[in-house]
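See below for the structure under consideration.
The values are calculated or read from the model by the stated rules, or taken from the named source; none is laboratory data. Source: prediction; values computed, not measured. Neighbour counts run over all protein chains shown; Cβ positions are idealised from the backbone, glycine included.
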Amino acid sequence: MLKTKIVILLVLLLPVLAHGIDKKKKKIIGPGRWREIERRSPDSVVHSFMDTLFIRFLPKDSFQFRHRNGFVYEGVYTVSEDSIVDLGSVKYKILLKRPDTLLLTNQKGYFLMGVDNSDTAEVIVLQKQDTARPVTDIDMMIGRWTVYRRKADGFGALDPSDNIRSVYVTGPSTDGKQGFVYSGSDADNAPSWYIKELGGGQSLVCDGKRPRTFKVLRCQDGEMILEEEGMKYFLKQPK
């Protein structure tokens with residue numbers, strides 16, 4: 001009830017808020033996880049929703065953005081002088097930023113966000129190598145796979161244009177492309193790489209923006225683990 005009153009009050013005060021924005025001051029969003037708790041249309045009518053919006057702001061102006069059961073988008077965000085946060089595929093105007101409340105708006109309406117305290121960092125226990133069934137044919141990998149966790153041997157920021165977010169394995173085709181690999185900054189219709197083959201040693205050979213080869217550590221029971229140069233990607237098929 002309190003959150004609803006906040007939104008109604010802010011909608012009424014939009015002209016005042018807009019006038020009071022310091023055009024020379026850039027609003028900074030600190031690291032944190034946010035979860036959508038209320039959605040309103042542009043005319044302030046409350047709407048029910050199932051595709052809950054999740055946004056995670058990370059150090060060095062990077063972010064993760066997804067809707068419930070949707071793909072995870074990653075990249076680097078910017079905040080303009082008039083408080084427009086640009087997440088690449090979508091933009092929002094920041095109307096309110098408090099420690100426990102974030103109110104965003106765009107042409108689709110108003111999005112009230114609260115701090116996300118849910119346990120989204122699911123822990124996966126890697127099984128021993130001798131219990132993993134060998135991947136002998138690319139047909140065993142067919143399907144859409146989404147990265148939900150990454151583990152690097154070293155440290156440092158990840159490049160969203162190189163860091164993969166999803167894999168779509170189609171199997172053999174007439175054009176020689178057996179699937180596609182998407183980076184965190186790729187649009188759904190523009191993958192950066194295509195899969196050439198599953199080579200020897202369970203190596204997933206890819207080409208496109210640059211040649212890449214992923215070691216398939218596991219692909220069974222609805223889970224796939226790929227490795228490239230010390231980076232492990234944990235993937236699952238969306239239900």
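A few comments on the model shown:
- Yes/no for E197 being touching a residue at least 40 places away in the same chain (Cβ under 8 Å) and surrounded by fewer than 16 Cβ atoms within 10 Å (Cβ to Cβ): yes
- In the stretch 58-79, residue modelled with the lowest pLDDT [restricted to those that are out of contact with any Pro (no Cβ under 9 Å at 6 or more places or on another chain) and either surrounded by fewer than 18 Cβ atoms within 10 Å (Cβ to Cβ) or not in a strand (DSSP E or B) (or both)]: V72
Per-residue answers, yes or no, for (1) β-branched (V, I, T); (2) within 18 Å of R39 (Cα to Cα); (3) under 18 Å from the mean Cα position of the chain (by Cα):
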{"site": "I55", "(1), (2), (3)": "yes, yes, yes"}
{"site": "L58", "(1), (2), (3)": "no, no, yes"}
{"site": "F65", "(1), (2), (3)": "no, yes, yes"}
{"site": "V72", "(1), (2), (3)": "yes, no, yes"}
{"site": "S83", "(1), (2), (3)": "no, no, no"}
{"site": "S89", "(1), (2), (3)": "no, no, yes"}
{"site": "K97", "(1), (2), (3)": "no, yes, no"}
{"site": "L112", "(1), (2), (3)": "no, yes, no"}
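- If only residues of the stretch 165-181 that are more than 11 Å from I195 (Cα to Cα) and crowded, with 17+ Cβ neighbours inside 10 Å are counted, the one that is modelled with the lowest pLDDT is R165.
- Scan of the stretch 82-104 for residues that are touching a residue at least 24 places away in the same chain (Cβ under 8 Å) and within 19 Å of P160 (Cβ to Cβ), ordered by number: V85, L87, G88, S89, V90
- For V205, the criteria (1) without any contact (Cβ under 8 Å) to a residue 12 or more places away in the chain; (2) more than 18 Å from D162 (Cα to Cα); (3) surrounded by 13 or more Cβ atoms within 10 Å (Cβ to Cβ) hold in every case but one, which is (2).
- Spans of strands (runs of 3 or more DSSP E) in the stretch 158-239 with at least 1 residues more than 15 Å from V147 (Cβ to Cβ): 193-199, 203-208, 212-220
- Residues that are modelled with pLDDT of 90 or more, among the aliphatic types (A, V, I, L, M), within 17 Å of V115 (Cα to Cα) and out of contact with any helix residue (DSSP H, G or I) (no Cβ under 7 Å at 6 or more places or on another chain), drawn from the stretch 24-57: L53, I55
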